[in-house]
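**Student:** What follows is a single structure, and I will ask about it in a moment.
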Amino acid sequence: MIKNKNIVLIGFMGSGKTVVAKALAKELKRTVISTDELIEKKEKKIIREIFRESGENYFRRLEREAVKEISQKENVIIDCGGGVVINPDNMADLRHNGIIFYLSTSPEYIYKRVKDHPHRPLLNVDDPLRKIKELLEKRKKFYEKADYTLDTNGKTPEQNCEEVLEIIRHE
Ligand code: S3P
């Protein structure tokens, strides 16, 4: 078992990180910490407002600070915003005391999951599916730096959770 190590979930928006994180937390009796939630708590604003008022670069700086802080913890589940991976310093910090799992999901499946949820500023565009494909293509190489990749297409969060548990049992 991976004593004290954090379980870090990365993946595109809508890949199910938050639900899987909660399921894992219940099974392992650990706390979930979400980078987005920490940012919202500190700024006292929701992500969409931060993007609208201060722009993406500002958000990425807040995200960097959040990751630095969260990475110091032990024994927690870390639910990362989809763009955390583009900064190599974030990945290095998360890896320091964590095992990183990439929830890999196809653009079509992501689209199905996010289309009725307008709270994601990057996907508030005329053609979200196209945007998902573009971003995913750009980010693939970063996501693939994870220690483990889980194919989540057509699987339930419980199944994904079980896969993570199976891996950490053997770690
Ligand atoms: C983002 C993903 C979002 C949030 C922000 C930017 C991204 O988190 O951090 O809207 O760049 O992929 P989720 O992946 O939890 O939706």
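**Student:** What are the GluC sites (Glu not before Pro) within segment 66-165 that DSSP puts in a loop, where the Cβ has at most 14 other Cβ atoms within 10 Å? List each step's numbers first, then the result.
**Tutor:** Details: sites: GLU69, GLU74, GLU108, GLU134, GLU137, GLU144, GLU158, GLU162, GLU163; in loops: GLU74, GLU144.
When the GluC sites (Glu not before Pro) of segment 66-165 are filtered for loop state and at most 14 Cβ neighbours within 10 Å, GLU74, GLU144 remain.
**Student:** Looking at SER54, ALA21, ILE10, which one has the Cα that reaches farthest to the positive end of the dipole of segment 1-140 (charges on Cβ: Lys, Arg +1; Asp, Glu -1)?
**Tutor:** With unit charges placed on the Cβ atoms, the residue in question is ALA21.
**Student:** So which of LYS22/LYS42; LYS17/LYS112; LYS5/LYS155; LYS41/LYS73; LYS41/LYS112; LYS22/LYS155 end up more than 20 Å apart, counting from Cα to Cα?
**Tutor:** Details: LYS22/LYS42 22 Å; LYS17/LYS112 15 Å; LYS5/LYS155 26 Å; LYS41/LYS73 18 Å; LYS41/LYS112 28 Å; LYS22/LYS155 16 Å.
With Cα atoms farther than 20 Å apart: LYS22/LYS42; LYS5/LYS155; LYS41/LYS112.
**Student:** For segment 6-169, what size does the Cα cloud have along each of its three principal axes, sorted from largest down, in whole Å?
**Tutor:** Its Cα atoms span 43, 34, 27 Å along the three principal axes.
**Student:** Could you give the size of the charge dipole of segment 132-171 about its Cα centre, using +1 on the Cβ of each K and R and -1 on the Cβ of each D and E, expressed in debye and rounded to the nearest 20? Each step should come with its number before you reach the end.
**Tutor:** Numbers: 8 positive and 10 negative charges, 72 e Å.
Charge dipole of segment 132-171: 340 debye, to the nearest 20.
**Student:** Taking the Cα centre of the chain as origin, sum charge times position over the Cβ atoms of Lys and Arg (+1) and Asp and Glu (-1), and report the length of that vector in debye to the nearest 20. Mind showing how you got there, number by number?
**Tutor:** Working: 33 positive and 29 negative charges, 39 e Å.
I would put it at about 180 debye.
**Student:** Would you please give the residues with an amide H less than 5 Å from that of ILE78, counting only those at least 5 places away or on a separate chain, with H modeled from the backbone geometry?
**Tutor:** Correct list: ILE7, VAL8, LEU9, ILE33.
**Student:** What is segment 15-166's relative contact order, in percent, from Cα pairs under 8 angstrom and six or more apart in sequence?
**Tutor:** Working: 155 pairs, mean separation 47.1, N = 152.
Taking the mean separation of contacting Cα pairs over the length of segment 15-166, I get 31 percent.
**Student:** If you find the alpha carbon centre of segment 88-108 and of segment 1-77, how far apart are they in angstrom?
**Tutor:** One Cα centre to the other: 11 Å.
**Student:** Also, I was wondering about something else. Roll a 1.4 Å probe over the protein chains and send me the accessible area per residue for the chain in Å². Mind dumping the intermediate values first?
**Tutor:** Values: 9350 Å² over 171 residues.
Accessible area per residue: 55 Å².
**Student:** Can you list the chymotrypsin sites (Phe, Trp or Tyr not before Pro) in segment 122-171 that are in a DSSP coil and have 13 or fewer other beta carbons within 10 angstrom? Provide the component values of the computation, followed by the final result.
**Tutor:** Working: sites: PHE142, TYR143, TYR148; in loops: none.
Taking segment 122-171 and a limit of 13 other Cβ atoms within 10 Å, no loop chymotrypsin sites (Phe, Trp or Tyr not before Pro) are found.
**Student:** Moving on. For segment 6-169, what % of the accessible area comes from carbon and sulfur atoms, probe 1.4 Å? All intermediate terms of the calculation are to be shown ahead of the outcome.
**Tutor:** Working: 4150 of 8670 Å².
Ligands and nucleic acids excluded, carbon and sulfur give 48 percent.
The values are calculated or read from the model by the stated rules, or taken from the named source; none is laboratory data. Every value quoted in this text rests on a predicted model; they were computed, and no experiment measured them. Reconstructed Cβ throughout: ideal geometry from the backbone, glycine too, with neighbour counts over all protein chains shown. Please note that ligands, DNA and RNA were not included when accessible areas were found on the heavy atoms of the full protein model with its side chains. Shrake-Rupley method; radii C 1.70, N 1.55, O 1.52, S 1.80 Å.
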